[in-house]
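A short write-up of the structure that comes next.
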Amino acid sequence: MRIGDLTGSTSPKPRSGLRADLTIEGLDARGRGLGHLKGYTVSVRGGVPGDRLLVGLRKVRHRRKEAEARILDMIQPGVPRKSAPCEHFGLCGGCLWQDVAYEDQLALKSRLVETCLAHVGVEPEFEAPMQAPSPFYYRNKMEFSIGTSDEGEPTIGLHASGRYDHVFDLDACHLQSELSNQIVGLTRDFVRSRGLSSYDLKRHTGLLRFLTVRDGKHSGEVMVALTTSEEPFEAAAAYADALMTTFPEVASVIHSVNGRKAQVATGDVEHVVAGKSSIIDRLGRYRFDISLGSFFQPNTFQAERMFEKVQDYAGLKQDDRVLDLYCGTGGISFYLAEDAGEVLGIESSESAIQDAVRNSAENEVEGCRFMAGPAEELLTQLDGAGESYDVAVTDPPRPGMHPKALAALGNLGPRRIVYVSCNPQALSEDVVRLRRYGYEATSAQVVDMLPQTPHCELVVRLDRD
Ligand SMILES: C[S@@+](CC[C@H](N)C(=O)[O-])C[C@H]1O[C@@H](n2cnc3c(N)ncnc32)[C@H](O)[C@@H]1O
């Protein structure tokens with residue numbers, strides 16, 4: 001087969017199985033490399049900007065002019081590649097960039113973010129990217145899936161790339177602690193020795209669905225949760241006993257029951273099988289009670305540094321009234337309250353707000369209040385009531401701020417907004433919308449929260465003219 005046979009003007013439409021010479025120009029939202037062939041956008045797992053690759057086309061969608069391809073050969077790398085430390089690299093749907101040196105990962109993330117913002121004319125002064133203290137073993141939570149091997153035994157690990165129905169047996173993940181790898185191993189031996197079945201996604205039969213390990217990076221406390229499709233889970237007490245006897249760090253063993261079809265590890269019913277219902281950890285000087293369903297930033301040490309950056313960009317004065325929008329369980333609010341007169345945290349999740357209130361009381365934080373409800377509604381009410389705030393921090397979910405929330409924030413007119421986001425595209429669009437209220441992005445920093453993956457956080461300071 002000829003290489004590059006799609007690039008000529010008379011070439012046929014791309015079709016599955018064709019090989020082509022492709023240059024990667026950018027990344028999609030999932031971190032796959034993107035290139036163009038005959039007017040089609042082609043995504044390639046593992047490709048990074050600058051790579052020239054020999055690829056084989058797989059799925060081709062003519063109506064959308066899109067295709068997926070896999071790498072057959074590297075013709076010219078955009079960044080040098082090294083061998084990945086993880087034996088599951090390539091098969092695993094997790095880390096995409098383990099074969100890229102860490103400093104090159106940072107440079108790639110910076111370039112992508114800066115290009116994305118510059119594309120819409122947003123050009124703050126970028127600080128050097130904030131590198132993670134540890135590029136491996138940083139995650140404080142992993143949800144492992146449970147599947148079935150060809151021999152019919154439970155497999156515990158992660159999904160093979162692009163295969164929602166195939167879970168490979170994990171030997172060692174390099175993103176969470178070695179202890180969590182050992183917990184995976186013990187759990188696998190235990191469920192196999194008991195002849196327990198895995199949940200079958202297609203037939204909706206079988207018991208075991210997920211294994212979640214939460215790891216208090218400061219406290220050393222560990223939570224282990226097994227999610228099953230139904231009750232009872234008769235081996236639960238024996239499982240907890242095996243875990244706690246082998247690993248004294250395990251402070252909480254939870255049985256979670258998810259009888260719904262949705263593939264989520266947090267079930268509708270939770271039983272504490274042994275130990276406590278939650279574990280404790282810290283962010284900076286603040287102590288948090290973390291239950292199975294609580295949101296907690298996945299990289300503890302880097303979250304602390306990111307919150308300090310938010311505090312720095314906020315530049316608060318003693319009497320300032322501050323908004324912390326999309327505040328989760330209140331982590332950023334506590335940091336802001338150190339320097340401000342008062343902080344109002346707004347968040348749609350009732351349970352997160354309950355956690356925020358409890359955490360602020362336990363940490364004796366003064367000057368923080370919390371409101372549960374959609375930011376778009378609560379901000380509109382605050383604006384209508386003639387409230388005023390000096391500074392606002394906003395950390396919305398991936399799609400960015402609701403237009404009504406953004407308009408109400410613009411009308412409230414704080415002198416400064418600190419925008420935190422894991423999605424530079426959504427952030428750049430919101431920053432452009434905030435211009436009509438007089439805001440301009442002045443400083444920015446990429447925060448590498450998830451090394452080995454293409455994802456990052458971005459903190460941007462906006463000042464009003
Ligand atoms: C990226 S997280 C921010 C977490 C928090 N700042 C922290 O660091 O712990 C986004 C938060 O927005 C919340 N959320 C989603 N939609 C919302 C809405 N319409 N109004 C308010 N909060 C919302 C989610 O529940 C989630 O806690």
* In whole angstrom, how far apart do the alpha carbon centroids of the range 309-355 and the range 102-172 sit? -> 28 Å
* Amide H neighbours of Cys327 under 5 Å, counting only residues 5+ apart in sequence or on other chains, H built in-plane at 1.01 Å? -> Ile346, Glu347
* Provide the per-residue ³J(HN,Hα) series for the range 251-263, in order, calculated from phi with Karplus coefficients 6.51, -1.76, 1.60 and θ = phi - 60°, each as a whole number of Hz, with x at glycine and proline positions. => 9, 8, 10, 10, 10, 10, 10, 10, x, 8, 6, 4, 7
* Structure fact -> Residues whose built amide H sits under 5 Å from the amide H of Gly220, excluding neighbours closer than 5 in sequence, are none
* When DSSP beta bridges are limited to those with both residues in the chain, what percentage is antiparallel, rounded to the nearest 5? -> 65 percent
* May I ask which residue of Pro77, Leu18, Thr148 lies farthest towards the positive end of the charge dipole of the chain, with charges of +1 (Lys, Arg) and -1 (Asp, Glu) on Cβ and the Cα centre as origin? => Leu18
* Given H placed on each backbone N at 1.01 Å, which residues far from Phe288 in sequence or on other chains put an amide H within less than 5 Å of it? -> Asp281, Arg282, Leu283
* Asked: Mind listing the phi-derived Karplus ³J(HN,Hα) values for the range 344-354, rounded to whole Hz, using 6.51, -1.76 and 1.60 with θ = phi - 60°, and x for any glycine or proline?
  -> 10, x, 10, 7, 7, 7, 4, 5, 5, 5, 4
* Scattering from the C-alpha atoms of the chain alone, worked out with Debye: what is log10 I(q)/I(0) at q = 0.08, 0.09, 0.11, 0.12 1/Å? -> -0.55, -0.69, -1.01, -1.16
* Rg to Rh quotient for the range 19-76, alpha carbon positions, Kirkwood Rh -> 0.92
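Just so you know, all these numbers are worked out from the coordinates, no wet-lab data involved. Since the model is a prediction, treat every value here as computed from it, not as a measurement. Ideal geometry is used to build each Cβ from the backbone, glycine not excepted, and the neighbour counts take in all protein chains shown.
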